[in-house]
Amino acid sequence: MASHFIVECLDCGHKAAFIPSNPICPKCGSPWREARYDFATLAHSLPLQLPGRPFDIWRYRELLPVRSPSPDLSLGEGGTPLIRAGNLGLMLGCPNIFIKDERQGPTASFKDRQAAVTIAAIKEAGITEMVVASTGNVAIAYSAYAARAGIKCWAFLTSLVPAAKMREVALYGTQVIKITGSYDQAKQIAAEFAAQRGFYLDGGAKSVPNIEAMKTIAFEIAEQMTALLGPPSINNGNGQTAPWRTPDWYIQSVSGGMGPLGVIKGFAELSAMGLIDKIPKFGIIQADGCAPMVHAWKQKKDTAQPILAPNTLIHTLATGDPGRTYTLLHQRISRLTSGAFEAVTDEEAFRAMHFLAKMEGLSVEPAAALAFAGLVKLVRSGEIKPNETVVVNCTGHTMAIERNILGEGWAKDLDVEKASSMEESAEDGLLAALTHVAIDRFPRIAIVDDNPDVRRLIRRILQAQGDYTLFEATNGREAVELITNELPNLVILDLMMPELDGFGVMDALQNNPDTADIPIIVVTAKELTPAEKNRLKGHIQTLMQKGDFMSDDLMDEVKALLG
């Protein structure tokens, strides 16, 4: 049967048909091959086909290595939303941050794309058993799709994989093999097992369906960015404007690197068809305790030295040897666009989990949070400019939150039985108990800013991370009246406001004995002159620049001033 694609060997260039049961090059034996399509024809035909199709992964079926996709195998994969991160953007001073929310896939991770395409391809080829090595999400996704397709799945998981994920894998009927060792060792054992039994082995970045599946993230982002922001205005070099828009940056946390390798292939194919204006810069984020790609990139090397003993609590990202995947990523990012490889600590990832949940309403696992910690680092270093558009892949899978991430004091105790047993009525007892959490007992803070978005952000930070009675004023004159009447314990003050600016507010408060000693935190977007900075001396406790502080930075100052 004729196919709409062929596979090309990355080592010898030999082109052949794709046969899932024989994944190596028939000429040189290399396992590294990629699918190739007729881009000249697809440049004209694909845009005409898309308007009538559902927004899911099979929308791009002409660019996927499955000859006849079966709707019966689908679980609704792909088509995940692109969400503007307004609060995070305001906090970072980078207003065009978007989140590709891959948590909303069928098994809550971007690995659903990989499993959907691979299972469809091997089902089409008549394969009935497969083997996968995984740190969690891959095994969950494959287990779901294999169950649906009637394919027996064997999953080799390291003993460090969270127990909840192991149980979910087993729930689908997958045979779980728990390996007491590293992920790299689990991959080796899985490969030996598959070879002995003659089973299909998931090849990671070497697998044609895997890479092809991941590139659909690029296709979706381009369409979604165009719908949100309109088509680009940059000429594509052919005397025409490319119809689809791409971000300036694409950011993803990685373990082995297969995801971004597929995504950059997707953007390259869109470029080859003349459908996009540019290929984004890539931000590749790794855990500091297992960052072989980051070390190689910063040393300007195209091969990564393996990390033999990963030292990170985020075990799902503990791939010590990315092998050739890094080399290919390095080459393609260097040749097609630019970017940065950056490492962040476990603590920075856990901190990102907090601010994502509290600022954007997104509960993510540490591996996904790592990408957002990397975003913060790249923005603060100036690598990402304030006017640039950024898409962060929220790779997925919300998990039960462990105690060490939340810390102490995250809940308040209210003993209903004890309160009801008091001498007064049950209702009076409950009301008495509730006084322990009544808001009028909390420190009082005035938020003064003419920008409602800034007031909302500061209010959200304070409400999410502390217990406070909050007041708001929208201009300087209103602020002076509010502070004089309410006598808050702390004022968070903007400088640039109508009617009376922040300097005028400080002068008025200093001239009133009742308000002169109220501590003030100035949060401003204004670049202060030396004279203005000197004017603030003795009047405020802290100066914070809008767009250059995180929620925890503000809370540290608030808690320090309120004792």
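The values are calculated or read from the model by the stated rules, or taken from the named source; none is laboratory data. Remember, it's a predicted structure, so these values are computed and weren't measured experimentally. We place every Cβ from the backbone using ideal geometry, glycine too, and count neighbours over all the protein chains shown.
Per-structure values
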| item | result |
| --- | --- |
| Among residues of the range 130-159, those that are under 14 Å from K187 (Cα atoms) and surrounded by fewer than 19 Cβ atoms within 10 Å (Cβ to Cβ), counted | 1 |
| Conditions (1) in a helix (DSSP H, G or I); (2) modelled with pLDDT of 95 or more: number failed by E342 | (1) |
| Tally of residues being assigned to a helix (DSSP H, G or I), touching a Ser or Thr at 6+ places or on another chain (Cβ under 9 Å) and within 24 Å of P209 (Cβ to Cβ) across the range 62-93 | 2 |
| Residue check, E220 at pLDDT 95 or above, surrounded by fewer than 24 Cβ atoms within 10 Å (Cβ to Cβ) and either touching a strand residue (DSSP E or B) at 6+ places or on another chain (Cβ under 9 Å) or not in a loop (DSSP other than H, G, I, E, B) (or both) | yes |
| Of the criteria (1) assigned to a strand (DSSP E or B); (2) surrounded by 22 or more Cβ atoms within 10 Å (Cβ to Cβ), which one I177 fails | (2) |
| Scan of the range 192-215 for residues that are among the small types (G, A, S) and either free of Cβ contacts under 8 Å to residues at least 24 places away in the same chain or more than 21 Å from I151 (Cα to Cα) (or both), ordered by number | A195, G198, A205 |
| Complete set of residues in the range 324-343 that are within 21 Å of T135 (Cβ to Cβ), of a type outside the set (D, E) and free of Cβ contacts under 8 Å to residues at least 60 places away in the same chain | F341, A343 |
| Long-range neighbours under 8 Å by Cβ, at least six apart or interchain, first residue farther than 19 Å from K546 by Cβ within the range 455-470, second buried (at least 16 other Cβ atoms within 10 Å of the Cβ) and basic (K, R) | Y468/R444; T469/R444 |
| Given (1) assigned to a strand (DSSP E or B); (2) surrounded by 13 or more Cβ atoms within 10 Å (Cβ to Cβ), index of the condition P47 fails | (1) |
| Whichever residue in the range 100-138 is within 23 Å of T216 (Cβ to Cβ) and among the acidic types (D, E) and, among such residues, is farthest from the chain's Cα centre (by Cα) | E124 |
| Some residue of the range 549-560 being farther than 24 Å from C94 by Cβ and in contact with a helix residue (DSSP H, G or I) (Cβ under 8 Å, 6 or more places away or on another chain) | no |
| Residues located in the range 162-190, provided they are in contact with a Phe, Trp or Tyr (Cβ under 9 Å, 6 or more places away or on another chain) and more than 16 Å from Q114 (Cβ to Cβ) | Q175, V176, I177, K178, I179, A186, I189 |
| In the range 344-370, the residues that are crowded, with 24+ Cβ neighbours inside 10 Å and in contact with a Gly (Cβ under 8 Å, 6 or more places away or on another chain) | V344, V364, E365, A368 |
| Hits in the range 256-302 - residues which are polar (S, T, N, Q) and more than 23 Å from G320 (Cβ to Cβ) | S271 |
| Among (1) in a helix (DSSP H, G or I); (2) crowded, with 23+ Cβ neighbours inside 10 Å - the single one H330 does not satisfy | (2) |
| Residue match in the range 92-99 (condition: within 27 Å of the chain's Cα centre (by Cα), modelled with pLDDT of 95 or more, within 30 Å of D553 (Cβ to Cβ) and surrounded by fewer than 18 Cβ atoms within 10 Å (Cβ to Cβ)) | no |
| Scan of the range 292-314 for residues that are within 21 Å of P162 (Cα to Cα) and touching a strand residue (DSSP E or B) at 6+ places or on another chain (Cβ under 7 Å), ordered by number | T312, I314 |
| Failed criterion for V131 (all others in (1) more than 22 Å from A368 (Cβ to Cβ); (2) at pLDDT below 95 hold) | (2) |
| Count of the range 108-129 residues which are buried (at least 24 other Cβ atoms within 10 Å of the Cβ) and outside any helix (DSSP H, G or I) | 2 |
| Considering residues of the range 259-298 that are β-branched (V, I, T) and not in a helix (DSSP H, G or I) only, the residue farthest from L317 (Cα to Cα) | I276 |
